[in-house]
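Let me begin by presenting the structure, written as C-alpha coordinates, before commenting on it.
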(Lines give C-alpha, C1' and ligand atoms only; values in the text may rest on other atoms or scores of the structure.)
Protein backbone atom coordinates (compact mmCIF):
# COMPACT_ATOMS: atom_id res chain seq x y z
CA UNK A 1 0.00 0.00 0.00
CA UNK A 2 1.13 3.54 -0.54
CA UNK A 3 0.50 6.74 1.36
CA UNK A 4 -1.46 8.39 -1.47
CA UNK A 5 -4.39 5.98 -1.62
CA UNK A 6 -5.48 2.48 -0.73
CA UNK A 7 -4.52 0.86 -4.05
CA UNK A 8 -1.60 -1.57 -3.82
CA UNK A 9 1.56 -0.60 -5.70
CA UNK A 10 2.46 -2.80 -8.61
CA UNK A 11 5.99 -3.84 -9.47
CA UNK A 12 5.34 -3.29 -13.19
CA UNK A 13 5.85 0.06 -14.90
CA UNK A 14 5.39 1.21 -18.49
CA UNK A 15 7.21 4.01 -20.27
CA UNK A 16 6.96 5.46 -23.75
CA UNK A 17 9.44 7.34 -25.86
CA UNK A 18 9.50 9.25 -29.13
CA UNK A 19 12.33 10.63 -31.24
CA UNK A 20 12.58 12.34 -34.61
CA UNK A 21 15.50 13.44 -36.77
CA UNK A 22 15.59 15.39 -40.01
CA UNK A 23 17.48 14.06 -43.00
CA UNK A 24 20.62 15.85 -44.18
CA UNK A 25 23.38 15.11 -46.68
CA UNK A 26 24.99 11.75 -45.96
CA UNK A 27 25.19 8.16 -47.08
CA UNK A 28 23.61 6.17 -44.23
CA UNK A 29 21.34 6.21 -41.21
CA UNK A 30 21.84 4.33 -37.96
CA UNK A 31 18.83 2.47 -36.61
CA UNK A 32 18.96 0.03 -33.74
CA UNK A 33 22.74 0.17 -33.84
CA UNK A 34 22.85 -0.83 -37.52
CA UNK A 35 24.38 1.42 -40.17
CA UNK A 36 21.94 1.27 -43.07
CA UNK A 37 23.11 2.56 -46.46
CA UNK A 38 20.86 5.38 -47.65
CA UNK A 39 21.11 8.41 -49.90
CA UNK A 40 20.88 10.73 -46.85
CA UNK A 41 22.04 10.95 -43.25
CA UNK A 42 20.35 12.51 -40.21
CA UNK A 43 20.98 15.77 -38.38
CA UNK A 44 22.07 14.83 -34.87
CA UNK A 45 24.59 15.47 -32.16
CA UNK A 46 25.24 11.75 -31.61
CA UNK A 47 24.73 9.14 -34.34
CA UNK A 48 21.03 10.11 -34.55
CA UNK A 49 19.67 6.60 -33.89
CA UNK A 50 15.96 7.33 -33.41
CA UNK A 51 15.31 3.72 -32.39
CA UNK A 52 17.71 3.79 -29.48
CA UNK A 53 16.88 7.37 -28.49
CA UNK A 54 13.16 6.62 -28.23
CA UNK A 55 13.88 3.37 -26.40
CA UNK A 56 16.11 5.15 -23.87
CA UNK A 57 13.30 7.64 -23.23
CA UNK A 58 10.78 4.81 -22.77
CA UNK A 59 13.01 3.03 -20.26
CA UNK A 60 13.91 6.23 -18.39
CA UNK A 61 10.25 7.24 -18.30
CA UNK A 62 9.15 3.89 -16.89
CA UNK A 63 11.67 4.30 -14.06
CA UNK A 64 10.82 8.01 -13.55
CA UNK A 65 14.42 8.97 -14.38
CA UNK A 66 13.77 11.83 -16.77
CA UNK A 67 14.76 11.64 -20.42
CA UNK A 68 17.77 11.06 -22.64
CA UNK A 69 18.47 14.80 -22.92
CA UNK A 70 18.92 15.04 -19.15
CA UNK A 71 21.48 12.24 -19.12
CA UNK A 72 23.23 12.97 -22.45
CA UNK A 73 22.63 16.64 -23.34
CA UNK A 74 23.35 17.64 -26.93
CA UNK A 75 25.23 20.65 -25.53
CA UNK A 76 27.92 18.34 -24.12
CA UNK A 77 30.77 17.74 -26.58
CA UNK A 78 31.41 14.29 -25.03
CA UNK A 79 28.34 12.97 -26.85
CA UNK A 80 29.23 14.36 -30.31
CA UNK A 81 29.06 11.49 -32.81
CA UNK A 82 28.75 8.85 -30.06
CA UNK A 83 27.31 5.41 -30.84
CA UNK A 84 23.86 5.47 -29.23
CA UNK A 85 24.28 1.89 -28.03
CA UNK A 86 26.49 3.44 -25.34
CA UNK A 87 23.44 5.42 -24.16
CA UNK A 88 21.26 2.31 -24.07
CA UNK A 89 23.76 0.28 -22.05
CA UNK A 90 24.12 3.19 -19.61
CA UNK A 91 20.33 3.45 -19.20
CA UNK A 92 20.13 -0.30 -18.55
CA UNK A 93 22.74 0.18 -15.81
CA UNK A 94 20.78 3.02 -14.24
CA UNK A 95 17.69 0.84 -14.08
CA UNK A 96 19.64 -2.06 -12.59
CA UNK A 97 21.13 0.19 -9.91
CA UNK A 98 17.60 1.10 -8.85
CA UNK A 99 16.35 -2.49 -8.75
CA UNK A 100 14.51 -2.58 -12.08
CA UNK A 101 14.68 -5.28 -14.71
CA UNK A 102 13.40 -4.88 -18.25
CA UNK A 103 10.45 -7.10 -19.16
CA UNK A 104 10.02 -6.28 -22.85
CA UNK A 105 10.22 -3.46 -25.40
CA UNK A 106 8.14 -2.68 -28.48
CA UNK A 107 9.39 -0.26 -31.13
CA UNK A 108 7.73 1.31 -34.18
CA UNK A 109 9.90 3.07 -36.76
CA UNK A 110 8.00 5.66 -38.83
CA UNK A 111 9.80 6.05 -42.15
CA UNK A 112 8.91 5.90 -45.82
CA UNK A 113 12.60 5.14 -46.46
CA UNK A 114 14.95 3.47 -45.91
CA UNK A 115 13.31 0.05 -45.77
CA UNK A 116 14.14 -1.93 -42.64
CA UNK A 117 13.08 -5.48 -43.44
CA UNK A 118 16.52 -6.91 -44.14
CA UNK A 119 18.02 -5.15 -41.09
CA UNK A 120 15.37 -5.93 -38.50
CA UNK A 121 16.92 -9.12 -37.07
CA UNK A 122 20.32 -7.50 -36.53
CA UNK A 123 18.64 -4.48 -34.92
CA UNK A 124 16.67 -6.80 -32.65
CA UNK A 125 19.82 -8.75 -31.70
CA UNK A 126 21.72 -5.51 -30.93
CA UNK A 127 18.99 -4.19 -28.67
CA UNK A 128 18.50 -7.54 -26.93
CA UNK A 129 22.25 -7.80 -26.25
CA UNK A 130 22.47 -4.26 -24.89
CA UNK A 131 19.42 -4.78 -22.67
CA UNK A 132 20.35 -8.27 -21.46
CA UNK A 133 17.19 -9.74 -22.98
CA UNK A 134 16.38 -12.58 -25.31
CA UNK A 135 15.26 -11.48 -28.77
CA UNK A 136 11.69 -12.65 -28.11
CA UNK A 137 11.37 -9.71 -25.69
CA UNK A 138 12.37 -7.10 -28.30
CA UNK A 139 9.88 -6.28 -31.05
CA UNK A 140 10.71 -3.93 -33.93
CA UNK A 141 8.22 -2.97 -36.58
CA UNK A 142 8.07 -0.28 -39.22
CA UNK A 143 5.33 1.70 -40.88
CA UNK A 144 5.12 4.38 -43.51
CA UNK A 145 3.03 7.51 -43.42
CA UNK A 146 1.54 6.88 -46.87
CA UNK A 147 3.29 9.96 -48.22
CA UNK A 148 1.83 12.30 -45.58
CA UNK A 149 3.67 14.85 -43.43
CA UNK A 150 7.40 15.46 -43.06
CA UNK A 151 8.09 11.72 -43.15
CA UNK A 152 6.09 11.24 -46.33
CA UNK A 153 7.86 14.19 -47.95
CA UNK A 154 11.19 12.49 -47.22
CA UNK A 155 12.34 15.13 -44.73
CA UNK A 156 13.12 12.77 -41.85
CA UNK A 157 12.12 9.78 -39.81
CA UNK A 158 10.78 9.07 -36.34
CA UNK A 159 10.37 6.27 -33.85
CA UNK A 160 8.06 5.40 -30.97
CA UNK A 161 8.99 2.94 -28.23
CA UNK A 162 7.19 1.37 -25.30
CA UNK A 163 8.99 -0.44 -22.50
CA UNK A 164 7.78 -2.48 -19.57
CA UNK A 165 10.03 -2.77 -16.54
CA UNK A 166 9.63 -4.57 -13.23
CA UNK A 167 10.88 -3.79 -9.76
CA UNK A 168 12.98 -6.71 -8.55
CA UNK A 169 11.79 -8.54 -5.47
CA UNK A 170 13.58 -7.44 -2.32
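The values are calculated or read from the model by the stated rules, or taken from the named source; none is laboratory data. Keep in mind the model is a prediction, meaning the values are calculated, not measured. FYI the Cβ positions are ideal-geometry reconstructions off the backbone, even for glycines, and counts take in every protein chain you see.
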When residue 141 is run through (1) over 21 Å from residue 42 (Cβ atoms); (2) loosely packed, with under 14 Cβ neighbours inside 10 Å; (3) under 16 Å from the mean Cα position of the chain (by Cα), the failure sits at (1)
Residue 88 passes all but one of (1) over 26 Å from residue 13 (Cα atoms); (2) touching a helix residue (DSSP H, G or I) at 6+ places or on another chain (Cβ under 7 Å); which number fails?
(1)
From the set of residues in segment 144-170 that are part of a strand (DSSP E or B) and out of contact with any helix residue (DSSP H, G or I) (no Cβ under 9 Å at 6 or more places or on another chain), which is farthest from residue 109 (Cα to Cα)?
167
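Filter segment 105-122 down to the residues that are within 12 Å of the chain's Cα centre (by Cα) and either part of a helix (DSSP H, G or I) or modelled with pLDDT under 95 (or both) and list them by number. Spell out the reasoning first.
First, the residues of segment 105-122 that are within 12 Å of the chain's Cα centre (by Cα): 105-109.
Matches in segment 105-122: none.
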Within segment 126-134, is even one residue surrounded by 17 or more Cβ atoms within 10 Å (Cβ to Cβ), touching a residue at least 40 places away in the same chain (Cβ under 8 Å) and more than 24 Å from residue 42 (Cα to Cα)?
yes
Note on segment 123-143: residues touching a strand residue (DSSP E or B) at 6+ places or on another chain (Cβ under 7 Å), outside any loop (DSSP other than H, G, I, E, B) and within 27 Å of residue 63 (Cβ to Cβ) are 123, 124, 126, 127, 128, 131, 137, 138, 139, 140, 141, 142
